[in-house]
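A.B. asks: Starting off with a structure, shown below.
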Amino acid sequence: MTKELKREIFDKKPYIIAGPCSAETEEQLTSTAKLIAETGKVDMLRAGIWKPRTRPGSFEGVGVTGLPWMQKARDLTGLPFCVEVANAKQAELAMAFNPDMLWIGARTTASPTAVQEIADALRGTETFVLIKNPINPELELWSGALERIQGAGIKNVGLIHRGFSVYGNMEYRYAPMWHLAIEMKRRYPELIMLCDPTHISGRRDIIHTVAQRAIDLDFDGLMIESHINPDDALTDKKQQVTPAMLSEILSSIIWKQEKSPEPEKNLILMQLRSQIDQIDDELIQLLVKRMQVSDKIGLFKKENNITILQPERWNEILQKEIEKGAKLGLSSEFIKSYLEAVHGESINRQNAVIYERKE
Ligand code: PEP
Ligand code: MN
């Protein structure tokens, strides 16, 4: 791979990475890669060579044997390739085969020691590294992994959102918790953020919906698992799609851009946004007014020895506002979380008033 081509990796949007969950045989990898390349919609080939599995006893990858297969697939299709590394040894072995990119998987991101060892192994190389979110919803681990890789002098880093392991989540294999990925986009606006709708979904039928959501949220691209014969896959069979299905998913996504190419449309957006800004200003003023009244109530309660939290009054407000909101087209979830935030702050303020008085 030339350096110029490598640099393009982060320039193209949307950037699409696809390939099997695991490289299983040379034949499976090559035939999948060929069909993926034929779709004309994919920019990079992926495959897991070492598979960190949550529990032992299942296929753990072909190991280093698979790396020459990846190289051959690259030669055959012209697609650059990436593999996952989970420790320093794997990073060293992979680098010997000149991959175009490496990625760090969710289970590894959750381990600062492993990430640091990988970072040290990659120090001084010009490799590209994508970092998946940790398996648990802990953003500091994700940021920490990024800092470790960047701290080793690796400049070309990006992020992959693949959902989080949480109890009680039924719809997805891994709960997307989009707000966490959005927070990482806010923290690191200069980094590319891809979405892996495959692992979020855990099943084929909702990959498209999850991918569309990511594109609507201005993600820079997607990583999708695709296998020539998903039902026979050695790992993640329920969530892999054939290259034909992949092509269909990619062509039915409505790709969005940050701005319209028509200047007058951008003007309309600007006007609407300035209305929003104005309303936000007014809301802030109203919130300040509301909190000032809260402070007075706090003082009153303090002077008259009245409890801060009065569940009946709180329930009454909640009920009344939810009903009012419903009539005006606002969802009860929204009203509830809005009121909880406002009421919570109000209680904090009243506490502060009383605390200060005590001193
Ligand atoms: C994978 O991409 O096949 C994989 C193991 O993903 P994750 O680390 O997101 O579970
Ligand atoms: Mn997988």
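A.B. asks: Taking interchain pairs and intrachain pairs at least six residues apart, which have beta carbon atoms under 7 angstrom, with the first residue in the stretch 38-56 and in contact (Cβ under 8 Å) with a residue 40 or more places away in the chain and within 16 Å of residue 236 (Cβ to Cβ) and the second more than 13 Å from ligand 1 (Cβ to nearest atom) and in a loop (DSSP other than H, G, I, E, B)?
C.D. replies: What qualifies is 49/62.
A.B. asks: So, one more: Out of the stretch 229-255, which residues are within 15 Å of ligand 2 (Cβ to nearest atom) and among the β-branched types (Val, Ile, Thr)?
C.D. replies: Once the filter is applied, which keeps residues that are within 15 Å of ligand 2 (Cβ to nearest atom) and among the β-branched types (Val, Ile, Thr), the stretch 229-255 yields 235, 241.
A.B. asks: Inside the stretch 202-225, can you point out the residues that are more than 15 Å from residue 255 (Cβ to Cβ) and within 11 Å of ligand 2 (Cβ to nearest atom)?
C.D. replies: 202, 223, 225
A.B. asks: Could you list all residues from the stretch 293-306 that are open to solvent by less than 100 Å² (accessible area, probe 1.4 Å), in a helix (DSSP H, G or I) and of a type outside the set (Lys, Arg)?
C.D. replies: 293, 294, 295, 297, 298, 299
A quick yes/no check of all residues on (1) in a loop (DSSP other than H, G, I, E, B); (2) open to solvent by 40 Å² or more (accessible area, probe 1.4 Å); (3) touching a His at 6+ places or on another chain (Cβ under 6 Å):
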| residue | (1), (2), (3) |
| --- | --- |
| 185 | no, yes, no |
| 190 | yes, yes, no |
| 194 | no, no, no |
| 200 | no, no, no |
| 207 | no, no, no |
| 214 | no, no, no |
| 219 | yes, no, no |
| 224 | no, no, no |
| 228 | yes, yes, no |
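A.B. asks: In the list 198, 235, which residue meets the criterion of being more than 15 Å from residue 174 (Cα to Cα) and within 11 Å of ligand 1 (Cβ to nearest atom)?
C.D. replies: Unique residue meeting the criteria: 235.
A.B. asks: Something else now. Name every residue in the stretch 238-251 that is within 16 Å of ligand 1 (Cβ to nearest atom) and open to solvent by 30 Å² or more (accessible area, probe 1.4 Å), in order of residue number.
C.D. replies: 238
A.B. asks: Only one of these conditions is not met by residue 257: (1) open to solvent by less than 70 Å² (accessible area, probe 1.4 Å); (2) among the polar types (S, T, N, Q); (3) outside any helix (DSSP H, G or I). Which number is it?
C.D. replies: If we test residue 257 against (1) open to solvent by less than 70 Å² (accessible area, probe 1.4 Å); (2) among the polar types (S, T, N, Q); (3) outside any helix (DSSP H, G or I), just (1) comes out false.
A.B. asks: Check every one of the helices (runs of 4 or more DSSP H) wholly within the stretch 59-130 and list those with 1 or more residues that are touching a helix residue (DSSP H, G or I) at 6+ places or on another chain (Cβ under 9 Å), more than 16 Å from ligand 2 (Cβ to nearest atom) and of a type in the set (D, E, K, R).
C.D. replies: Those helices (runs of 4 or more DSSP H) span 66-77, 88-95, 112-122.
A.B. asks: Within the stretch 60-79, how many residues turn out to be open to solvent by 30 Å² or more (accessible area, probe 1.4 Å) and either within 26 Å of the chain's Cα centre (by Cα) or under 17 Å from residue 242 (Cβ atoms) (or both)?
C.D. replies: 2
A.B. asks: Can I ask one more? Going by what's in this entry, would residue 287 be described as surrounded by 10 or more Cβ atoms within 10 Å (Cβ to Cβ), out of contact with any helix residue (DSSP H, G or I) (no Cβ under 9 Å at 6 or more places or on another chain) and not acidic (Asp, Glu)?
C.D. replies: Working: surrounded by 10 or more Cβ atoms within 10 Å (Cβ to Cβ): yes; out of contact with any helix residue (DSSP H, G or I) (no Cβ under 9 Å at 6 or more places or on another chain): no; not acidic (Asp, Glu): yes.
So residue 287 fails the test.
A.B. asks: Something else now. Looking only at residues in the stretch 102-118 that are within 13 Å of residue 90 (Cβ to Cβ) and of a type in the set (A, V, I, L, M, F, W, C), which one is most open to solvent (accessible area, probe 1.4 Å)?
C.D. replies: In this case the residue turns out to be 114.
The values are calculated or read from the model by the stated rules, or taken from the named source; none is laboratory data. The model shown is predicted, which means the values in this text are computed figures rather than measured ones. A quick note on method: Cβ atoms are made from the backbone with ideal geometry, for glycine too, and the neighbour counts reach across all protein chains shown. Only protein heavy atoms, including side chains, enter the accessible area calculation; ligands, DNA and RNA are left aside. Shrake-Rupley method; radii C 1.70, N 1.55, O 1.52, S 1.80 Å.
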